Structures are given as structure tokens and as C-alpha cells.
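**Student:** I have a structure here, written as C-alpha cells, and I will follow up with some questions on it.
The values are calculated or read from the model by the stated rules, or taken from the named source; none is laboratory data. All values derive from a computational prediction rather than experimental measurement. Reconstructed Cβ throughout: ideal geometry from the backbone, glycine too, with neighbour counts over all protein chains shown.
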Amino acid sequence: MTYEDLVTSACKWILTEGSCAAAFKEFADGEETGPLPDVIGIGSFGRSIFLKAYVSRADFEKDVQNNAWQTPGQEMGRYRFLCVPTDEIQETEVPANWGLIYVNEARQPTCVLNPYNPNNGDFWRNGFEDHLLYDLLTQNEKLYASCRRLRYKAVIHFQ
């Protein structure tokens, strides 16, 4: 499974299961500083989902040492998930208050750990504070322009 397979599957999951109206993947333009998501979803009422994809266990272990895991305020996204090939990482290895999405060989994403909705109800409980999303919006003109359109049209269709 490739990184692109994971990111594409995660983007679809964010739009369907994550209840986001827009999802952006690999939008970094080289000017941002700090940790960036592989996919970020944005929805109404302040919903934002930050997702990191890891093709291998080695990539995950290398990133776990990153300071952002120890200081969650440095990341963005009210809800945060890891996306990996099935069984690459176990639920017990996921950082506190993060979710886990497995993608199988057929490229179907399945959320195996969602700390924000443990009983599969209609409402997700609060996640992290998301101040850095607004910094990203001001730094990335394409993302900011898309969110402005989202504000007025409610849904953005991508082709």
C-alpha cells in the first residue's frame, strides 16, 4: 500500500464518516512551519479533523519521538487520527486522545479507535483546542479561499 492510497482513503473517510464538508490533502506549499496534516477536514460548528498517514511502522515510530506528540497544543485539528495499513499499529500504541483508522488492501478505511465517539452515537465529544488551524488558513491562500467559498455555499465539490 502506498502513501497516496492511505491519503486518498483517509480523505474519503473524513468526508463520509467524519462529517466534514471539505477535505484537503497534501496542501503544504513549503512556507508553513510546524507540523502539518496529511489530510485535514473542515466542517460546520468548528469541526476540524487532522489526520496523519503512515505507510510503515518505522515512519510512525520516528514521528512519535517528535515533540508535537508530547505537547498537543502544537498540532491542529479538534479531532486527530492516525491512518495506517491494517494492523500496522495497535490501538494501545496510539497517543492519548488520538483515533486510529485502518485501511485494508481493498483501500477501504475503517475507524478502529475513536476516542471522541466511543459509543458510536450521533455526537462527538470535544477534542483538542484548534487555534493553529486559523494560522494555517492565513498562511495558505488556496485553503483560505476554499474555506471562504465553503462559508457561503456550504459544500465544495472537487473533481
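**Student:** Looking at this structure, is Y102 modelled with pLDDT under 65, on the phi < 0 side of the Ramachandran plot and not in a loop (DSSP other than H, G, I, E, B)?
**Tutor:** For Y102, the condition - modelled with pLDDT under 65, on the phi < 0 side of the Ramachandran plot and not in a loop (DSSP other than H, G, I, E, B) - is not met.
**Student:** Now a separate question. Whether any residue in the stretch 21-33 is at pLDDT 80 or above, part of a loop (DSSP other than H, G, I, E, B) and either closer than 24 Å to V112 by Cβ or not polar (S, T, N, Q) (or both) is what I want to check.
**Tutor:** yes
**Student:** Let me spell it out: the conditions are (1) in a strand (DSSP E or B); (2) at pLDDT 90 or above, and V7 meets all of them except one. Which number is the exception?
**Tutor:** Every condition holds for V7 apart from (1).
**Student:** Check whether at least one residue in the stretch 108-115 is outside any strand (DSSP E or B), within 18 Å of S56 (Cα to Cα) and touching a residue at least 60 places away in the same chain (Cβ under 8 Å), and report yes or no. Walk me through how you get there before you give the answer.
**Tutor:** If we filter the stretch 108-115 for residues that are outside any strand (DSSP E or B), which is where we start, we get 108, 114-115.
After this cut, where a residue has to be within 18 Å of S56 (Cα to Cα) as well, the list is 108.
Still in the list and also touching a residue at least 60 places away in the same chain (Cβ under 8 Å): 108.
There is at least one residue in the stretch 108-115 that is outside any strand (DSSP E or B), within 18 Å of S56 (Cα to Cα) and touching a residue at least 60 places away in the same chain (Cβ under 8 Å).
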